[in-house]
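Input: a single structure, listed below in structure tokens.
The values are calculated or read from the model by the stated rules, or taken from the named source; none is laboratory data. As the structure is a computational prediction, the values presented were derived from the model and not from experiment. Here the Cβ is made from the backbone with ideal geometry for all residues, glycine too, and neighbour counts use every protein chain on show. We work out accessible area using only protein heavy atoms, side chains counted, and drop any ligands, DNA or RNA first. Shrake-Rupley method; radii C 1.70, N 1.55, O 1.52, S 1.80 Å.
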Amino acid sequence: MDFYYQPGSAPCRSVLMTAAALGIELNKKLLDVRGGENRTPEFLKLNPQHTIPTLVDGDFSIWESRAIMTYLIEKYGKNDDILYPKCPKKRAIINQRLYFDMGTLYKAFSDYYYPQLLKQEAPNPEMYKKLEAAVEFLNTFLEGHKFVAGDELTVADLAIFANVSTMVAVDFDVSKFANVSKWYEYLTVHAPGAKENWEGCLLLKKYIELNAPKK
């Protein structure tokens, strides 16, 4: 399977961790988005939205990280209860956490950090409050639980862990959120593909440092 990605991207890293958990080896293809490689006619045939990550499995292509993650599990998972159990109630909670990650946590991170990283804008205190509120929700989800959707590692943990790792790499302090901090420290050691995930975070941090406006 061909996997078009950038290692600094949290959504891309969440797919890589899912593949690691499943024992799947992806044919990783670095895509130079800034150079326009995602807008070539060939790539647009695979993904008309020209986004990463994009997975190509034979004659089938799929994009959006959470869709890719669940596709890999449902097609290639050897155990029905690994990462994305079929129990409707368990799966509903996992799906809720995935949607929370996409629509609340990742959005809050993007709204606060991207204007600074991409446009060199000053930090927006109101956006920071929204980011802290999103992490507080995550902290609540983890109250009394080892993982974000209960007491077993799921695909939701991998998606959110990739996101939180990025936040930590750009100096967001998770230690203020006890449950999140404990969960994060556990996954830095035990999450499948955790080492590659952090290497991607460091590449992103280096890119930011190199492209930050000179003071």
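If I go through the stretch 69-89 residue by residue, how many of them are in contact with a Ser or Thr (Cβ under 8 Å, 6 or more places away or on another chain) and at negative phi?
Qualifying residue count, the stretch 69-89: 5.
Out of (1) free of Cβ contacts under 8 Å to residues at least 12 places away in the same chain; (2) not assigned by the TED database to the domain that holds residue 196, what's the single condition that is false for residue 71?
Unmet for residue 71, out of (1) free of Cβ contacts under 8 Å to residues at least 12 places away in the same chain; (2) not assigned by the TED database to the domain that holds residue 196: (1).
Residue-wise test of (1) in the same structural domain as residue 168 (by the TED database); (2) under 22 Å from residue 165 (Cα atoms); (3) in contact with a His (Cβ under 7 Å, 6 or more places away or on another chain); (4) surrounded by 13 or more Cβ atoms within 10 Å (Cβ to Cβ).
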position: 21; (1), (2), (3), (4): no, yes, no, yes
position: 49; (1), (2), (3), (4): no, no, no, no
position: 52; (1), (2), (3), (4): no, yes, no, yes
position: 94; (1), (2), (3), (4): yes, yes, no, yes
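Inspect the stretch 91-105 for any residue being modelled with pLDDT of 95 or more, of a type in the set (Val, Ile, Thr) and more than 20 Å from residue 9 (Cβ to Cβ) and give the result as yes or no.
yes
Please verify whether the stretch 21-40 includes one or more residues that are in contact (Cβ under 8 Å) with a residue 60 or more places away in the chain and within 20 Å of the chain's Cα centre (by Cα).
Yes, some residue in the stretch 21-40 is in contact (Cβ under 8 Å) with a residue 60 or more places away in the chain and within 20 Å of the chain's Cα centre (by Cα).
Conditions (1) open to solvent by less than 80 Å² (accessible area, probe 1.4 Å); (2) under 13 Å from the mean Cα position of the chain (by Cα); (3) modelled with pLDDT of 95 or more, marked per residue:
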residue	(1), (2), (3)
134	yes, no, yes
141	yes, no, yes
144	yes, no, yes
148	yes, no, yes
163	yes, yes, yes
171	no, no, no
181	yes, no, yes
187	yes, no, yes
211	yes, no, no
